[in-house]
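The values are calculated or read from the model by the stated rules, or taken from the named source; none is laboratory data. Note that the structure is predicted; figures quoted are calculated from it, not measured. So basically every Cβ, Gly included, is an ideal-geometry build from the backbone, and we count neighbours across all protein chains shown.
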Amino acid sequence: CLFAKEAFKVITEPARGGQQPAAQQAIEPKEQAQAHPQPEEQQESSDSDIDGELVRVKPRCGTLAHNMKIRLVAGAASVGQQILSRTALSGMAILACVGKRAGHRGDCERVMSLQKQFHARYPGEILDPDNYPSARLLAYVAKVVQKGELRWIPWKLRMSQAQQDSLALRRPAKVPRLEELIYDDVPQREIPAGAVGANYLSGILGLVSVAVAMLQGAHLASLRKFERKFIKLATQKCEAGIRNPFAEEIMQADRQLWCQMADLVNLHGWSLDDALTEYTEIRGDMAWLRKQKGGGKGRSANGGQSGQTGAKWITKFEDKGKTRLLCRDYSSAKGCSFTDCKFEHLCPVPTGRFDAAELVHRSTQLLRTKVLDGGRNHASYFNAGVADSAFPEHPRVPPTVRDLFRRFPTTLFGALDWGILPAPPSVLDLSKVRGNLFLDLFAGHARPLSSAFLQAGVSVLSVDTMLASEHDLLDDSVFEPLLRLSFSGAVTSAHASPPCREYSRCKLIRPGPKPLRTPEHLAGVPGLSSSEQERVDASRTLMERAVELLHATYKAGGHFSLENPANSMLWLEEAVCILLQKANADVLVVAACAYGWDISKRWAFATSFRDMQRLAKDCSHAEGSHRPVAGVRDESGGYASQQTSEFPAKLAEAYVSAALPLFSTCENPLDVQLSQLYQLIPAKGRFDMPFAHQDGAGIYSVPDWSFPPNGTVDRLQQVRHALTQKLFELKAPIRLREHVLAKSDSPLFSEGEIESFRAIFSEFLVATTGRPVDWSVQPFQPYTLNALQQLSEALEDPDDTLFACLQSGAPTGYFKDIPRSGVFVPAPEATTSEEQPLLECQENWKGARENPETLESLIQEELDNGYLEEVALEEARSRWPEVAVGKLNVVIVPDKNPRLTVDETISGVNPACHIPERYNLPGLGWQLSYRAGTVRVPQSKREKLRGLLNPLLVAGRVELKLIQQALGLLQWITQLHKELRPWLSSLCDDISRPPGTSFSIEPSRWGSLAPCLSEAMVFISTPAGTAIPVGSKLLSARHIELWKKSDLAKVPLTSKRVWMRIADPQSRFRRLSVLSRWDGVSPLPAPWNPDFRYRFTVADFFDLRHDVRLFPADAKLLWKLPR
């Protein structure tokens, strides 16, 4: 063991005269290693000695050299400056942890490889000795991140490389004794006894985050998110009279969280990323543990028994007729020191919900049965973590929320209502749910379908207010998670039986209860009271939400069934008809007599699963053979039909038998509770599609640089850190909130503060570009364009022409003077080089003409602010080569200030402007549901679109503005459904085809017509003797189509005026083509008849057409199947 021998020589012989000892010889050259080979049996023994965790190295049987090697490997940090480099030390530590066999050079290479991989994955993370995990911590984490080995890492082992090196240098330079070489002296950090701040916690938690991410145990983003939330909760200021948690209490909270996550990872097969996300974003354990670890009430600063805003402490209370006294020292900062104290050790602060006697009496019943070991001590009373051993009847890790609340019912939370504190949901075995989940909506009190599925080995999730009041589908917090679950694909099959009470035709039978709807008035009959209308609306909402959940299940790949009485008015609802059509559903009529009930009742099941057809059995008995239930009251006075709302057992068994092939059955299926719903939703992998899109307005940018994207350089890191520190010094977030609440028009920052911000940027820009910063603002410019130009250069912005253009004046594009930015998609070049003439409009739009006073005031406001310059028309013509005059308008919207607009399209300016690049505006106005994971078109938008489309369906002329509005809204809606965009082509074509208008010209002037036309037959000037507008196009003359100038000679001339068809693009009207108004069903005229079209059917794209079929086919219904 040459390594141990040479190292021992270094330790026992201190360096003299400041010279470096010859410790480098401890790493033997290749020749020496070959000259002193280690025996094979010794080599195996020594390798096994260093296998396992370094922090738990114990002396084992073997030679002294073996034990010396253990001591040197485990304690290499103490002599690392004399023996090994830091990198080699880290490699040896990881080697010892995982039991690898490799040389020291291989260990160094492995550590360097881990560092390189870490920087490649997280280029924005800068590792230095202060935040780089120590060798021992890396070794420990390397063991922990192995499969099935996850556990909490003690805080005392969480040391950085700098801390470990500093500890090694502080050790006394003395000759070690023999036992010190054999037994490992593990370096540990000290844990403060009192409160700690965010910086301390960040260092403790950050080291583990870096170590786990370096060893690829989890993604650094998940670890950082967990870390930030934990620190935020741990450092929140408590309410008056309650101290912040101490370091040991925070450590116990961290331990409990990691132990619970370890159960998910080790026992249930979760990934550490998923477990971290579970406790960071879904479960509330972290926030609750913060409350649990919050300290007790102590004396105020003035020596009193309560804080300045706290309640007055009580000193005695009545318990079963006896007066009991409270121990004052017990709730003080020092705690009670008497083990046999005769006073009661309970919280002296009343809560207000109960009187003092009841509050303390409830505490006495829970705490008096067992006094904690050392229970008279203040620390054990307030520290829930150390109290576990004192309660053997409770589970040790992890306890439920209710158990922990009961341990300290009044001290930590005051008097609590135990009924409103449910335990957190237990962790589901997802292997019994994947491909094996039945969603039962409106399951009923007895849950006939769910019970039958459970007996068949299928896991179920039952929802009904009869089971729990929290199951109300009218509540968005219940419906939206269910919708997310349905869209996730986790539901194999879903069934819904919406309440038929308000849809029943039994109410139409007189005498009987008042009908609230009829087949003609599904939204409610006229004359309903407000409460009656609410009942109608609630029943329709329940129906629509049930249909939406079934539709989502079907779109995600599952099957569904929808049940209601065979002649329920629910089958007439539009939402139900659409669902049946889209799923090609089968409607099954099921008679009660076919499944053992001797009553006159029939159900209708609409299902997407073909094997369910076997359920269809209509009644074959004579009329009146069964006991009627419609409109009949039972012995209690209620209607007998209400007792038949749940299915008979035979029907439930037949249903399960038909649907069972869809499921992967298992033993001991799960009866999933609604509180466990989020566990059923499959977790999306971090790198799985779809990916989030960061909109940087065409320039690559992300809003959060905590974890910069791969391949990018965080150039503004220095500036960002300085600005963040400065903003927090100024308490900018609080100032901004107050500024917004006050609706202040004054600047948020003073001139001096702005100068300090500029100094931060100046330091960065001078260091980057090498020249001073010009913060001047040019006349008629609102920005410091010179400084922005310098910032653009420092960041190497590909758009290097923006600020140069702005400094000389914003280009309009009319003269094609907008340069390319280099970041947007280049626009195609114009197909024609024709220049449209500019117009000088003589009047304003209607809104401006009807509000002249408002128009004048708005113009004056623009002039006063320097945004406009008043110039006479003649002067403008002399100053500029081309002049256009647009139309002004005043937009007046209720509850908003009037707005001045100018129409530059009508004057020809906007069409003549050239923008060399294309861009897409972000979609705004969507209804986003984060709980459901869905996006909707708002009802107001749907109503607006319906109002725009109805006039377009009428034959005849339509206003161009109306078509443009409808087309714009349709383009916005089809952002979610781009496959529908081709259907808008006919509308776009109609907009570009203005209707023809008749104009005439004298035959003698026909020859002068050609100079007025361009090659595209567009009028570039108005012919003499006509009112033909410039820019219009000549289509035909005397019924002869004209395509080019040479076609003018084809027109025969007579003594009569020549009538022409002119298409004016400025026309206010358009005529929609038949295709734009086609409903998809009506026959098309000859140009689109089958002889001119490709013939194909929907069946060519889908297996079945949208047909809804009835089983049995001869069943009698009072409604028609949707077609």
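Below, the figures for the structure above:
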item: Condition broken by residue 583, with the remaining ones in (1) closer than 26 Å to residue 506 by Cβ; (2) surrounded by 21 or more Cβ atoms within 10 Å (Cβ to Cβ) satisfied; result: (1)
item: Matching residues in the stretch 1004-1020 - criterion: being among the small types (Gly, Ala, Ser) and either in contact (Cβ under 8 Å) with a residue 12 or more places away in the chain or more than 16 Å from residue 1058 (Cα to Cα) (or both); result: 1008, 1010, 1014, 1016
item: Filtered residues of the stretch 195-221 (kept if without any contact (Cβ under 8 Å) to a residue 60 or more places away in the chain and of a type in the set (S, T, N, Q)); result: 199, 202, 209
item: Qualifying positions in the stretch 481-506 - modelled with pLDDT of 95 or more and of a type in the set (Asp, Glu); result: none
item: Test for residue 1020: is it surrounded by fewer than 16 Cβ atoms within 10 Å (Cβ to Cβ) and touching a strand residue (DSSP E or B) at 6+ places or on another chain (Cβ under 9 Å); result: yes
item: Residue ID - farthest from residue 782 (Cα to Cα), chosen from residues in the stretch 844-894 that are small (Gly, Ala, Ser) and within 51 Å of the chain's Cα centre (by Cα); result: 847
item: Residues of the stretch 456-492 classified as closer than 22 Å to residue 652 by Cα and free of Cβ contacts under 8 Å to residues at least 12 places away in the same chain, total; result: 1
item: Out of 695, 704, 634, 714, sole residue that is among the acidic types (Asp, Glu), within 30 Å of residue 217 (Cβ to Cβ) and modelled with pLDDT under 70; result: 704
item: Test: residue 890 is in a strand (DSSP E or B), in contact with a Gly (Cβ under 6 Å, 6 or more places away or on another chain) and farther than 26 Å from residue 1031 by Cβ; result: yes
item: Any chance residue 117 is outside any helix (DSSP H, G or I), modelled with pLDDT of 85 or more and loosely packed, with under 15 Cβ neighbours inside 10 Å; result: no
item: Residue in the stretch 914-932 that is surrounded by 14 or more Cβ atoms within 10 Å (Cβ to Cβ) and basic (Lys, Arg) present; result: yes
item: Hits in the stretch 540-557 - residues which are buried (at least 20 other Cβ atoms within 10 Å of the Cβ) and hydroxyl-bearing (Ser, Thr, Tyr); result: 553, 554
item: Residue match in the stretch 127-146 (condition: out of contact with any Phe, Trp or Tyr (no Cβ under 8 Å at 6 or more places or on another chain), at pLDDT 55 or above and either part of a strand (DSSP E or B) or not assigned by TED's automatic domain parsing to the domain that holds residue 209 (or both)); result: yes
item: Residue ID - nearest to the chain's Cα centre (by Cα), chosen from residues in the stretch 933-952 that are surrounded by 12 or more Cβ atoms within 10 Å (Cβ to Cβ) and assigned to a loop (DSSP other than H, G, I, E, B); result: 933
item: Residue tally, condition farther than 15 Å from residue 651 by Cβ and either crowded, with 19+ Cβ neighbours inside 10 Å or outside the structural domain of residue 655 (by TED's automatic domain parsing) (or both), over the stretch 612-625; result: 0
item: Matching residues, the stretch 801-818, being touching a residue at least 12 places away in the same chain (Cβ under 8 Å) and part of a helix (DSSP H, G or I); result: 802, 803, 804, 805, 806, 807
item: From the options 1009, 976, 967, 980, residue that is within 24 Å of residue 926 (Cα to Cα) and at pLDDT 90 or above; result: 967
item: Filtered residue count, the stretch 857-871, keeping only those that are within 11 Å of residue 900 (Cβ to Cβ) and surrounded by 11 or more Cβ atoms within 10 Å (Cβ to Cβ); result: 7
item: Residue pairs meeting the criteria (Cβ under 8 Å; at least 6 apart or on separate chains; first assigned to a loop (DSSP other than H, G, I, E, B), in the stretch 778-800; second among the acidic types (Asp, Glu)); result: 784/774; 800/793
item: Meets criteria (buried (at least 19 other Cβ atoms within 10 Å of the Cβ), over 29 Å from residue 515 (Cα atoms) and not charged (D, E, K, R)) for residue 592; result: no
item: Which numbered condition residue 782 fails, given (1) surrounded by fewer than 14 Cβ atoms within 10 Å (Cβ to Cβ); (2) touching an Asp or Glu at 6+ places or on another chain (Cβ under 8 Å); result: (2)
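Table: residues versus (1) surrounded by fewer than 20 Cβ atoms within 10 Å (Cβ to Cβ); (2) part of a loop (DSSP other than H, G, I, E, B).
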{"residue": "245", "(1), (2)": "no, yes"}
{"residue": "249", "(1), (2)": "no, no"}
{"residue": "256", "(1), (2)": "no, no"}
{"residue": "267", "(1), (2)": "yes, no"}
{"residue": "270", "(1), (2)": "no, yes"}
{"residue": "273", "(1), (2)": "yes, no"}
